[in-house]
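Novice: My questions will all concern the structure given below.
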Amino acid sequence: MKVYETRDLRNVALIGHGGSGKTSLAEAMLYDAGMTTRLGRVEEGNTVMDFEEEEKERRGSITSGIGFLEWAKCKINLIDTPGDANFVADGRNCLYAVDSVVLVADAEDGIRVQAEKMARAAEELGLTRVAYVSKLDRERGAFETAMKALTDLFGNKAVPVFLPIGSKDAFHGIVDLLAGKAFLFDEGGKGTFKEAGIPAEMTEQVAEARERLVEAASESDDELIEKYLENGDLSPEELEIGLKKAIAEGTIVPVLCGSAPKNVGIRPMLDFLAAYLPAPQGERKGTTPDTGEEISRKFDDAEPFSALVFKTIVDEIGRFSVFRVISGSAVPDTTVLNPERRTDERLGQLFHLLGKERHKIEKASAGDIVAVARLKETITGDTLCDKKSPIRYPRIPVPPAIISFAVRPRSKADQDKISASLRKLMEEDTALRYARDEQTGEFLLSGMGQGHIEIVAKRLERKFKVGIELAAPKVAYLETIKGTADKRYRHKKQTGGAGQFGECAIKIEPNRGAGFEFVNNIVGGVIPGQYIPSVEKGVRDQMKKGVLAGYPVVDVKVTLYDGKSHPVDSKDIAFQLAGRKAMKEALLAAKPTLLEPIMEMEVVVPEEFMG
């Protein structure tokens, strides 16, 4: 395949809420660029980007689809992220591999919460933002609905560059405010169109929208704003310069529009993305693996090689690590360092991904996105780098799990395969957790939502022939005390040989919210110093299993204030047993009670809904 230079790369993630039309848009872009021979449709389950069986079944993305296309001599790396909150972690990982995002705004429903979260995450990472209004051909589709949602999210930064011609079933073209032309699309979904003059009924609307666009672009540069104030307009060249600068600085979020199922507006959109989105540039900060000193690498082939692994794919062929080249270039059959694992990795054949297809390449320039098979130790979030110039990039944050289910095998054969199979899925899915709850003894599968866990169960059965049952986890209660108690216990054992003797007196009281506290108030050596830790160990052992229902005991202050010892028979085990028995009797007398789990919740309410 052709090797693309860094300046010709455009790395773009499609973001938005579930069902907003991201995958349909990706399919139309791939089709118009000649990467596919038919326009994939989500409802028919034949898209390139959604190739997992579970995605075809539910008609929605559960993992990020990765593709690429060539347009206007640029290679556009395209990542179609999931919009469902159950699978958003994979999409967030992919934001670390791109320079720009296209936020798909629904002309029927506007922008939902998950789209807002992804847009904010993109802003925090300093990514260039573009908006695309989808579903203009739908019965309830209205450009104004989407623009209101975009204005609510971005303020006056949201500025239309395309305007729709017609609405609902009659939507058939766009006005390109930069070109000052109308593009009328042919029926049949081929994406072909003819240029035309601005429709008479849109003359005033177009003039107002173009004036707003020119004014916003001019504000990016002092010279341009002077020319605009002086002449009331900018030349096409000046408008291009101002708009590129404003988009790069984030002062404008350009708004495009179209219909992916009807293939209307897609080719002009590709023209815009190739012309106005930034190529990989600047530098990425990291640290030296040994000293932690801050260093950086530029997106430049002349720099030492470094890359960030942002996704792992496990399928019937094997395990693929997907990474973005940060600096230098990646070539097959080279040995690189994984500083996180402190191990060498061998880069074999490199691939560009197009859904589940792999296209062999001989080199990847700085900024490009590629995949490689069979890395031994590398996982998502790891850095790969030149052994002679090591660098470690910050790891991609992993979101905490928010729901857990107890996992039970359907059969003994399933039991033997559960752990190994789930480990493979966890390599792909950084938001998935599987661990034994030490308190209840259950094995818990945790993730981002019930839908997330249910899909994992289906994938286990399909990919690895492992059947599991999901159940609500046992409640992990705790025990504590509401009162105080004072108890003394003597442990004495005489069986003819060496005896055992230890006596201790303790007082216990509530220590709400402060955990366990052990206070030694022994004076006069009634308990030798070497046996004080023995008493504490016995107390702690008893606290592992409370007196009400056997749950761990928390928030108790224990004061050891008296005791007795024997010059021959006192030993460590004797004082451990004395401490344990004294603690048990004290707990029974101190009004023991159960503690139920509680969860701290933060509720974020938009200002317009408060009052």
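The values are calculated or read from the model by the stated rules, or taken from the named source; none is laboratory data. Bear in mind that the values here come from a model prediction, so they are computed numbers and not experimental data. Because the Cβ atoms are built from the backbone with ideal geometry, glycine has one as well, and the counts that use them run over all protein chains shown.
Novice: Anything in the stretch 291-309 that is in contact (Cβ under 8 Å) with a residue 40 or more places away in the chain and within 21 Å of Asp344 (Cβ to Cβ)? List them, or say none.
Specialist: Matches in the stretch 291-309: Ile295, Arg297, Glu303, Pro304, Phe305, Ser306, Ala307, Leu308, Val309.
Novice: Yes or no: Ile506 at pLDDT 95 or above and out of contact with any Lys or Arg (no Cβ under 7 Å at 6 or more places or on another chain)?
Specialist: Values: at pLDDT 95 or above: yes; out of contact with any Lys or Arg (no Cβ under 7 Å at 6 or more places or on another chain): no.
No: the conditions fail for Ile506.
One line per residue, one yes/no per condition, for (1) free of Cβ contacts under 8 Å to residues at least 12 places away in the same chain; (2) over 12 Å from Leu14 (Cα atoms):
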residue	(1), (2)
Gly67	no, no
Arg92	no, no
Ala97	no, yes
Arg120	yes, yes
Gly141	no, yes
Met147	no, yes
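Novice: A follow-up question, please. Which of the residues that make up the stretch 311-328 are of a type in the set (S, T, N, Q) and either under 21 Å from the mean Cα position of the chain (by Cα) or at pLDDT below 95 (or both)?
Specialist: Of everything in the stretch 311-328, those that are of a type in the set (S, T, N, Q) and either under 21 Å from the mean Cα position of the chain (by Cα) or at pLDDT below 95 (or both) turn out to be Thr312, Ser321.
Novice: Here's another thing I want to ask about it. Hey, any hits in the stretch 587-608 for a residue that's loosely packed, with under 13 Cβ neighbours inside 10 Å, in contact (Cβ under 8 Å) with a residue 40 or more places away in the chain and not in a strand (DSSP E or B)? So that I can check it myself, show each step before the final result.
Specialist: If we filter the stretch 587-608 for residues that are loosely packed, with under 13 Cβ neighbours inside 10 Å, which is where we start, we get 596-608.
If we keep only those that are in contact (Cβ under 8 Å) with a residue 40 or more places away in the chain as well, we get 596-597.
Now drop any that are not not in a strand (DSSP E or B), which leaves 596-597.
Checked against the condition, which is being loosely packed, with under 13 Cβ neighbours inside 10 Å, in contact (Cβ under 8 Å) with a residue 40 or more places away in the chain and not in a strand (DSSP E or B), the stretch 587-608 yields at least one hit.
Novice: Something else about it: Is it true that some residue in the stretch 495-506 is out of contact with any Phe, Trp or Tyr (no Cβ under 8 Å at 6 or more places or on another chain), surrounded by 13 or more Cβ atoms within 10 Å (Cβ to Cβ) and under 27 Å from Lys591 (Cβ atoms)? I'd like the intermediate steps shown before the answer.
Specialist: Step one: of the stretch 495-506, the residues out of contact with any Phe, Trp or Tyr (no Cβ under 8 Å at 6 or more places or on another chain) are 495-501.
Narrowing the set further to residues that are surrounded by 13 or more Cβ atoms within 10 Å (Cβ to Cβ) leaves 499-501.
Applying the additional criterion that residues be under 27 Å from Lys591 (Cβ atoms) yields none.
No - not one qualifying residue is present in the stretch 495-506.
Novice: Collect the residues in the stretch 423-449 that are more than 10 Å from Val407 (Cα to Cα), of a type in the set (D, E, K, R) and outside any strand (DSSP E or B), keeping them in residue-number order.
Specialist: Result: Arg423, Lys424, Glu427, Glu428, Asp429, Asp437, Glu438.
Novice: Can you list residue pairs whose Cβ atoms sit under 6 Å apart, with the first residue in the stretch 149-164 being modelled with pLDDT of 95 or more and the second being buried (at least 23 other Cβ atoms within 10 Å of the Cβ) and not aliphatic (A, V, I, L, M)? Count only pairs 6 or more apart in sequence or on different chains.
Specialist: Val161/Pro254; Phe162/Cys257; Pro164/Phe171; Pro164/Cys257
Novice: Give me a count of the residues in the stretch 221-250 that are within 20 Å of Thr128 (Cα to Cα) and either basic (Lys, Arg) or surrounded by 16 or more Cβ atoms within 10 Å (Cβ to Cβ) (or both).
Specialist: Quick first cut of the stretch 221-250, residues within 20 Å of Thr128 (Cα to Cα) only: 221, 239-250.
Applying the additional criterion that residues be either basic (Lys, Arg) or surrounded by 16 or more Cβ atoms within 10 Å (Cβ to Cβ) (or both) yields 221, 239, 241-248.
Within the stretch 221-250, residues that are within 20 Å of Thr128 (Cα to Cα) and either basic (Lys, Arg) or surrounded by 16 or more Cβ atoms within 10 Å (Cβ to Cβ) (or both) number 10.
Novice: Can you tell me which of Leu347, Leu308 is of a type outside the set (Phe, Trp, Tyr) and under 25 Å from the mean Cα position of the chain (by Cα)? Let's see the steps before the verdict.
Specialist: Numbers: Leu347 fails: under 25 Å from the mean Cα position of the chain (by Cα).
Leu308 is the lone residue from the list that is of a type outside the set (Phe, Trp, Tyr) and under 25 Å from the mean Cα position of the chain (by Cα).
Residues are listed down the side, and each one gets a yes or a no for (1) part of a loop (DSSP other than H, G, I, E, B); (2) modelled with pLDDT of 95 or more:
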site	(1), (2)
Asp344	no, yes
Phe351	no, yes
Ala371	no, yes
Ile379	yes, yes
Pro400	yes, no
Asp416	no, no
Ser421	no, no
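Novice: I would also like to ask the following. Name the pairs whose Cβ atoms lie under 9 Å apart, with the first residue in the stretch 353-370 and assigned by TED's automatic domain parsing to the domain that holds Ser329, the second of a type in the set (D, E, K, R) and in a strand (DSSP E or B), and 6 or more positions between them or separate chains?
Specialist: As it stands, the answer is Ala366/Arg297; Ala366/Lys298; Gly367/Arg324; Asp368/Lys75; Asp368/Arg324; Ile369/Arg324; Val370/Arg324, since those pairs meet every condition given.
Novice: Test Ala260 against the criterion of being farther than 30 Å from Arg297 by Cα, touching a residue at least 12 places away in the same chain (Cβ under 8 Å) and in contact with a Gly (Cβ under 7 Å, 6 or more places away or on another chain), and give yes or no.
Specialist: On the way: farther than 30 Å from Arg297 by Cα: yes; touching a residue at least 12 places away in the same chain (Cβ under 8 Å): yes; in contact with a Gly (Cβ under 7 Å, 6 or more places away or on another chain): yes.
Yes, satisfied.
Novice: Ok, one more. Step by step: first the residues of the stretch 17-65, then only those that are under 17 Å from Arg138 (Cβ atoms) and of a type in the set (Val, Ile, Thr), then the one that is modelled with the highest pLDDT. Which residue is that?
Specialist: Looking at residues that are under 17 Å from Arg138 (Cβ atoms) and of a type in the set (Val, Ile, Thr), I get Thr23.
Novice: Within the stretch 217-257, count every residue that is aliphatic (A, V, I, L, M) and touching a residue at least 60 places away in the same chain (Cβ under 8 Å). Talk me through it step by step, then tell me what you get.
Specialist: Narrowing the stretch 217-257 to residues aliphatic (A, V, I, L, M): 217, 224-225, 229, 234, 239, 241, 243, 246-248, 252-253, 255-256.
With touching a residue at least 60 places away in the same chain (Cβ under 8 Å) added as a condition, the list becomes 239, 243, 247-248, 252-253, 255-256.
The qualifying residues number 8.
Novice: Shifting gears a bit: Keeping to the stretch 282-320, report how many residues are surrounded by 14 or more Cβ atoms within 10 Å (Cβ to Cβ) and either in contact with a helix residue (DSSP H, G or I) (Cβ under 7 Å, 6 or more places away or on another chain) or farther than 17 Å from Gly65 by Cβ (or both). So that I can check it myself, show each step before the final result.
Specialist: Here is the first cut: in the stretch 282-320, the residues surrounded by 14 or more Cβ atoms within 10 Å (Cβ to Cβ) are 283-284, 286-289, 295-301, 303-314, 319-320.
Applying the additional criterion that residues be either in contact with a helix residue (DSSP H, G or I) (Cβ under 7 Å, 6 or more places away or on another chain) or farther than 17 Å from Gly65 by Cβ (or both) yields 283-284, 286-289, 295-301, 303-314, 319.
Count: 26.
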